[in-house]
Amino acid sequence: MKKISPACSNTEVSPYGNEWRPGNFSDFIKESKHIISSCSGEYPLPLFRGHANYRWPLDSTFLRNSIEQIFGLRNYQHLSKEIRQSIAFHKAVNSLLLFNFGTLFRPSRELFDREKTGGLDPWFELMKNCQQYPEENKSILKGTHIIDWTTDINVALYFANENRTGHGAVWISDAFAMGNILQVKKVKEILDLMNTADFFESPKGIPLMFHPQKQTGRLRPIRQKVIYLAQMDFRYDLADIWVPHEQQFNKKRVVVNLILPDGTQKECDEYLSNQSPPITRKYLFPD
């Protein structure tokens with residue numbers, strides 16, 4: 001996306017330009033449309049992710065749960081940067097991920113059969129189901145290293161407002177500004193590469209987009225219009241990767257964290273209820 005200034009005069013912007021703070025809900029909507037209009041490409045692909053707490057980093061569920069389990073922390077963000085940003089930590093979480101998906105859990109025979117007959121990626125389907133249907137995941141370490149984003153800002157806005165008690169946030173990311181990140185290899189091939197020395201010797205791992213053309217048609221991810229970004233380097237959240245990348249290479253803006261002001265919860269609920277179809281929990285979680 002272009003490096004633009006806010007459309008509203010009272011919107012505050014952080015020094016690097018990646019956090020925008022509108023003063024009210026109406027300005028939030030105006031700024032979201034303004035940011036979306038700045039996305040690049042002939043057919044732009046803005047991605048959105050909603051957080052009910054604006055302080056939450058862009059980390060995967062598997063990373064969060066791994067830290068809390070290993071270090072006995074109630075809030076994984078309390079882990080020191082010295083530990084989090086060490087290569088030893090990155091290797092440890094990566095090893096747990098590969099153990100979880102390969103040793104403890106494998107795709108079903110049905111998924112392997114559908115790979116042969118319909119071209120599905122069984123390992124992607126396994127991870128997608130663990131991510132979108134956590135109630136079906138019986139592992140101690142919940143989740144995956146893929147982070148679900150949506151192509152519909154109203155879906156992200158729902159999650160940013162759900163059970164919110166303070167400022168929420170909608171992260172807006174320009175997929176085309178990320179570079180060539182779409183997965184080409186199948187997920188099992190990527191997992192195998194994550195088990196090699198070369199994987200750890202590379203610089204900060206740019207997130208991969210996991211979005212095979214052929215997928216199973218489960219209703220929850222369809223209604224949530226999900227696209228997955230894989231966290232490839234557990235030392236850093238996605239913003240920690242993208243923002244320095246912008247600055248170092250003078251790239252276009254990759255991501256903006258648009259803050260949803262506290263006190264706008266009711267306005268937000270009403271706005272989502274007036275969409276067609278209404279964006280409700282029942283609609284987003286039909287199954």
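Give segment 68-84 a look and list any residue that's of a type outside the set (D, E, K, R), more than 18 Å from the chain's Cα centre (by Cα) and surrounded by 15 or more Cβ atoms within 10 Å (Cβ to Cβ), or say none.
Scanning segment 68-84 gives I70, L79.
Taking Q248 as meeting all but one of (1) under 25 Å from A92 (Cβ atoms); (2) at pLDDT below 90, write down the number of the exception.
Tallying (1) under 25 Å from A92 (Cβ atoms); (2) at pLDDT below 90, Q248 fails exactly one: (1).
Name the residue that is modelled with the lowest pLDDT, counting only residues in segment 105-124 that are over 13 Å from P212 (Cα atoms) and surrounded by 12 or more Cβ atoms within 10 Å (Cβ to Cβ).
F105
Quick check on my filter: what residues within segment 267-283 are surrounded by 15 or more Cβ atoms within 10 Å (Cβ to Cβ) and outside any loop (DSSP other than H, G, I, E, B)?
E267, C268, D269, Y271, L272, Y283
For L126, work out the one condition from (1) under 20 Å from V226 (Cβ atoms); (2) assigned to a loop (DSSP other than H, G, I, E, B); (3) among the aliphatic types (A, V, I, L, M) it doesn't fulfil.
(2)
Condition first: over 20 Å from D59 (Cα atoms) and touching a Gly at 6+ places or on another chain (Cβ under 6 Å). Now tell me which residues in segment 157-206 satisfy that.
Residue satisfying the conditions is F176 alone.
Could you go through segment 125-136 and let me know if any residue there is touching a Leu at 6+ places or on another chain (Cβ under 6 Å), surrounded by 21 or more Cβ atoms within 10 Å (Cβ to Cβ), touching a residue at least 60 places away in the same chain (Cβ under 8 Å) and aliphatic (A, V, I, L, M).
No - not one qualifying residue is present in segment 125-136.
For segment 133-223, which strands (runs of 3 or more DSSP E) that fit wholly inside it have 1 or more residues that are under 27 Å from R114 (Cβ atoms) and touching a Ser or Thr at 6+ places or on another chain (Cβ under 8 Å)?
Output list reads 146-150.
Determine whether segment 26-40 contains at least one residue that is part of a helix (DSSP H, G or I), among the hydroxyl-bearing types (S, T, Y) and loosely packed, with under 15 Cβ neighbours inside 10 Å.
Yes: segment 26-40 contains one or more residues that are part of a helix (DSSP H, G or I), among the hydroxyl-bearing types (S, T, Y) and loosely packed, with under 15 Cβ neighbours inside 10 Å.
Where residues in segment 155-210 are of a type in the set (S, T, N, Q) and surrounded by 14 or more Cβ atoms within 10 Å (Cβ to Cβ), which of them is nearest to the chain's Cα centre (by Cα)?
S173
F48 versus (1) closer than 30 Å to K128 by Cα; (2) in contact with a Ser or Thr (Cβ under 7 Å, 6 or more places away or on another chain); (3) in a loop (DSSP other than H, G, I, E, B): which is the lone unmet condition?
Of (1) closer than 30 Å to K128 by Cα; (2) in contact with a Ser or Thr (Cβ under 7 Å, 6 or more places away or on another chain); (3) in a loop (DSSP other than H, G, I, E, B), only one is false for F48: (3).
Can you pull out every residue in segment 72-91 that is free of Cβ contacts under 8 Å to residues at least 24 places away in the same chain, among the aliphatic types (A, V, I, L, M) and out of contact with any Leu (no Cβ under 8 Å at 6 or more places or on another chain)?
I83, A88
Mind listing whichever residues of segment 245-264 are touching a residue at least 24 places away in the same chain (Cβ under 8 Å) and surrounded by fewer than 17 Cβ atoms within 10 Å (Cβ to Cβ)?
Answer for segment 245-264, where residues must be touching a residue at least 24 places away in the same chain (Cβ under 8 Å) and surrounded by fewer than 17 Cβ atoms within 10 Å (Cβ to Cβ): Q247, K251, K252, D262.
The values are calculated or read from the model by the stated rules, or taken from the named source; none is laboratory data. Since the structure is predicted, the reported quantities are computational estimates derived from the model, not experimental observations. Neighbour counts are summed over all protein chains in view; Cβ atoms, including those assigned to glycine, are modelled from backbone coordinates with ideal geometry.
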